[in-house]
Amino acid sequence: MRNEFDFAPFYRSSIGFDRVFNLLNNPQRLQAIDTWPPYDIVKSGEDDYRIQMAVAGFADSDLDITQERNVLIVRGQKAEEKQGDYLHRGIAGRSFERRFELADHVRVENASLTNGILTIELKREIPEAMKPRKIAIGSAEGSQAPMQMIEGEKNVA
């Protein structure tokens, strides 16, 4: 059963959020629940995030990390190694693809693989043009008043 929300009232008082509403209505964003590989998402600072993914048995060359616009895709493809007959196979080595929706202006800073944990560092950087600024009111003669940066609200996003 799928519930459809009506976002029409929000369109009356918001500008430029149509992409967010489309994301919320997109049925493909709700993927089938796949618990492998397990991962954590950590907020490590005001604009810093970290994804930690348990990828035991995968090497650097078996993993591929791609950022396409606002989606981070992590893929793992391990070459099949046949070293005898397994009596029990508990370490999963199957291929995977995990997608993460990223907000605007979030980019990958760094990625590392240590002791079977893939760590991806992310940072949100708001461009200067999008930061809050004070707009002075000019005279009625058509001259434009200069815009000034608001000192107290530089970190507001």
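The values are calculated or read from the model by the stated rules, or taken from the named source; none is laboratory data. Not measured: the values here are computed from a predicted model. When we count neighbours, we look across all protein chains shown, and the Cβ atoms used for this are built from the backbone with ideal geometry, even at glycine. What goes into the accessible areas is simple: the full protein's heavy atoms, side chains included, and nothing from ligands, DNA or RNA. Shrake-Rupley method; radii C 1.70, N 1.55, O 1.52, S 1.80 Å.
Assorted remarks:
- Cβ pairs under 8 Å, 6+ apart, first in the stretch 121-136 and over 18 Å from residue 103 (Cα atoms), second open to solvent by 100 Å² or more (accessible area, probe 1.4 Å) and modelled with pLDDT under 85: 133/147; 133/148; 134/147; 134/148; 135/147; 136/147; 136/148
- Hey, residue 97 in a strand (DSSP E or B) and not hydroxyl-bearing (Ser, Thr, Tyr) or not: yes
Conditions tested, residue by residue: (1) at pLDDT below 90; (2) over 18 Å from residue 120 (Cβ atoms).
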position	(1), (2)
33	yes, yes
40	no, no
68	yes, no
76	no, no
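- Among the residues making up the stretch 110-131, those that are of a type outside the set (Gly, Ala, Ser) and open to solvent by less than 30 Å² (accessible area, probe 1.4 Å) are 118, 119, 120, 122.
- The criterion of being closer than 28 Å to residue 53 by Cβ, at pLDDT below 90 and out of contact with any Asp or Glu (no Cβ under 8 Å at 6 or more places or on another chain) holds for residue 102.
- Listed by first and then second residue, the pairs with beta-carbon distance under 7 Å, at least 6 apart or on different chains, first residue in the stretch 54-71 and free of Cβ contacts under 8 Å to residues at least 24 places away in the same chain and assigned to a strand (DSSP E or B), second surrounded by fewer than 14 Cβ atoms within 10 Å (Cβ to Cβ) and not polar (S, T, N, Q), are 66/73.
- Selection over the stretch 65-109 of residues that are open to solvent by less than 60 Å² (accessible area, probe 1.4 Å) and on the phi > 0 side of the Ramachandran plot gives a count of 1.
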